[in-house]
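Structure, as structure tokens:
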Amino acid sequence: MRVVIAEDAAMMREGLVRLLTDRGFEVCAAVADADALRSAITAHVPDVAIIDIRMPPTYTDEGLRAAIDIRRDHPDVGVLLFSQYVETRYATRLLADRPTGVGYLLKDRVADVADFVDALTRVASGGTALDPEVVGHLMRAGRDTVGVASLTPREREVLALMAEGRSNAGIAAALVITSGVVEKHVANIFAKLGLPSSDSDNRRVLAVLRHVGGGG
Amino acid sequence: MTSDNGPMTALRAPFTTLALRRAVFCVLGVVSAAAILSVPAIVPALGVGILWATGVMSSEPAPTVAPAFLVLFPLTIALLVVLAAPIGRAMGAVHRALAARLLDVRVDAPPPRPSKRISAVVSDGPGWRAVGYGLLKVPLAIPEGYGAFCYVFGLANLSYPVWWPLFRNHPPGTRLGPVWALTPFGTIGTRTFAGTFLIAAAGLAMLLVAPWLMRAGTTLDVAAMRQLLGPRRLAQRVRELQVTRARAIDDAAAMMRRLERDLHDGAQIRLATLAMNLGMATEKLGADGPPPDLAQARELVALAHRGAKDALADLRDLVRGIHPPVLDNGLGDALATLATSSAIPVGVSVELPDRPAPAIETIAYFCASELLANAAKHSRATRIGLGVVRSGERLMLTVEDDGVGGANPDGPGLSGLARRIAVVDGRMRVRSPTGGPTRVQIELPTQV
């Protein structure tokens, strides 16, 4: 799997290169600003790009703007935004057009290498990976929405994991339950929220986020 | 002094030291009013004097002399406009000193001129207000002068009967000219010893009236001083405080932004990398059994270890930048510590009888820190002197070096410093001629 990394902090960048190479990814380019990122994407057309939101020269949202451009110009390139803080508005903007091949994670998440690599793989193959922190914000924002209040605590856990972009199998592993139980929870959640059930993980992320108010 | 009322107080009033000091103040007031009136006439008078002394006035016809006055007149106006404010300030300082010395009335000095540029001199508000005081001094001098006149001549008139017998011991029948005495209602004369008692009575009356006249004059004068020679009026003070408050808020916001940036790019990223390295090391060590890749795990742990130490160093620097912990022991310790980290040798002398407010200590510390950094960067000095002394209710911080000078008080560094200390009504004086040496003095209140 081919990756381009855009991260302005050298030690983080080198660490990521090392981690991904070690895990069998092919790092085509590791750059430090948005312009270099754009040319690297054009040159390599990778499966996925890891993009730091705050980069030179303005240290505001260069990464986010580059990510939006990349999603427009190269729809097949997965984009994983990488930041030290979560901003639900950014997630909303990224998901606005289509929730495929997109992720938004806190940098802290690299500490759990397996989860991080899992999320990156998901994004590279057209899935979604939202940080639990982002999902938590969205869920709190949507807690007064019709239906959410009637969910059981377990169903809420499943909903949060769904919103992060995990598959039924991933949810089953995270909660240490069987896939069958997960499917039952998912069906209940969709029924209570009044959403049409959906097989595609992506569509279901979007449906859930729209419902709790984040994906509009 | 008792709180006697009635006639005793009135009788005693002329003979207190206060009355004497008031009389001196009033006399000086008349002198300065006369001086003020003569100021605008100095240049034309000089011109006339020169023309007269060189004999041009009498020998040359009018067309030659007139142009000279055409030049002198605008010159006088221009000089008055440029010099009025500084002269006003100087005169104001003299009057504040006189009031403090003679009347025991303390009027605070207005803030100093912001710069020596001609525009600042001409538009110097406190200077022009002092000029206003000078103009007001002329009518104020009337009651003052009248009071002083009554006082001085009252005393003189009172003494007539004493010296009459000393000088008028002529044989009886000698016809003498009258002796004259001055009173506010004209001169009175007498040829007899008995008549001197009339003069003495007039003197006594004058002496009794004098303190009240002088008091009225000086009271008005002091009121004028407080209005015109003191710090700005309330409205201006409010504006000043609004400006400094806005700056303080901006500074605080900028400080928070800087802090966020430093944490974001420093400790936070180091810790994230450290967590990543430890995460990788954990994988290399495996969940149980013999580690699959011990060598790599060791390397990653070593990397994480180094990262942790770097993060600690980052945080330490950051913490010191927010508030140096040594400052809790007082400014002396903090500045001594600061001096040891300077590349140029710094002699520190801190003489404070007690500790100023913590906020003032912090400001003084950061001023010293910035000035030392400036000196290290620009001065090419071989020695820096750093002194802190207490002067009344103010704290004076002085940083001087033997470097090349040329520090610009309007440059971003020093003007930023001046802006920050203005928040607590601090002041900065910079003397840094080209070629050096440089001396920067910062004056801060000891309490906020």
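The values are calculated or read from the model by the stated rules, or taken from the named source; none is laboratory data. All values derive from a computational prediction rather than experimental measurement. No Cβ is skipped: glycine too gets one built from the backbone with ideal geometry, and neighbour counts run over all protein chains shown.
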Tell me which of these B:Val399 doesn't satisfy, since it passes every other one: (1) surrounded by 17 or more Cβ atoms within 10 Å (Cβ to Cβ); (2) among the β-branched types (Val, Ile, Thr); (3) part of a loop (DSSP other than H, G, I, E, B). (3)
When segment A:1-10 is examined, which residues are found to be surrounded by fewer than 19 Cβ atoms within 10 Å (Cβ to Cβ) and within 11 Å of another protein chain (Cβ to nearest Cβ)? A:Ala10
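The rows are residues; the columns are (1) over 22 Å from B:Lys116 (Cα atoms); (2) surrounded by 15 or more Cβ atoms within 10 Å (Cβ to Cβ).
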residue	(1), (2)
B:Leu331	yes, yes
B:Ala343	yes, no
B:Asp354	yes, no
B:Ser369	yes, yes
B:Val389	yes, no
B:Arg419	no, yes
B:Pro437	no, yes
If I go through segment A:121-168 residue by residue, how many of them are touching an Asp or Glu at 6+ places or on another chain (Cβ under 6 Å) and over 30 Å from A:Arg23 (Cβ atoms)? 0
What pairs can you find where one residue is in segment A:144-170 and farther than 28 Å from A:Gly101 by Cα, the other is among the small types (Gly, Ala, Ser), and their Cβ atoms are less than 8 Å apart, with a gap of 6+ or different chains? A:Val146/A:Gly194; A:Gly147/A:Gly194
Conditions (1) in a helix (DSSP H, G or I); (2) modelled with pLDDT under 90 -> B:Asp333 fails only (2)
Among (1) in contact with a Pro (Cβ under 9 Å, 6 or more places away or on another chain); (2) outside the structural domain of B:Arg21 (by TED's automatic domain parsing); (3) surrounded by 13 or more Cβ atoms within 10 Å (Cβ to Cβ), the one test that B:Ala200 misses: (2)
Here's a check for you: in segment A:18-35, which residue that is in a helix (DSSP H, G or I) and surrounded by fewer than 17 Cβ atoms within 10 Å (Cβ to Cβ) is farthest from the other protein chains (Cβ to nearest Cβ)? A:Asp35
Please find, among B:Leu274, B:Leu241, B:Leu229, B:Leu278, the residue that is closer than 20 Å to B:Pro112 by Cβ and touching a helix residue (DSSP H, G or I) at 6+ places or on another chain (Cβ under 7 Å). B:Leu229
Tell me which residues, restricted to segment A:41-71, are among the β-branched types (Val, Ile, Thr) and either in a loop (DSSP other than H, G, I, E, B) or within 14 Å of chain B (Cβ to nearest Cβ) (or both). A:Val45, A:Ile50, A:Ile53, A:Thr58, A:Thr60
Across segment A:5-15, what is the number of residues that are farther than 13 Å from A:Asp35 by Cα, of a type in the set (A, V, I, L, M, F, W, C) and either modelled with pLDDT of 95 or more or in contact with a helix residue (DSSP H, G or I) (Cβ under 7 Å, 6 or more places away or on another chain) (or both)? 3
Here the residues within segment B:243-274 that are facing chain A (nearest Cβ under 9 Å) and free of Cβ contacts under 8 Å to residues at least 12 places away in the same chain are B:Arg261, B:His264, B:Asp265, B:Gln268, B:Ile269, B:Ala272
Being out of contact with any Lys or Arg (no Cβ under 8 Å at 6 or more places or on another chain) and surrounded by 15 or more Cβ atoms within 10 Å (Cβ to Cβ) is the filter here, so list the residues in segment A:138-147 that pass it. A:Leu138, A:Gly142
Expected single match for without any contact (Cβ under 8 Å) to a residue 24 or more places away in the chain and not aromatic (Phe, Trp, Tyr) among B:Leu312, B:Leu338 is B:Leu312
Of the residues in segment A:99-137, how many are away from chain B (no Cβ under 14 Å), buried (at least 21 other Cβ atoms within 10 Å of the Cβ) and farther than 21 Å from A:Val27 by Cβ? 6
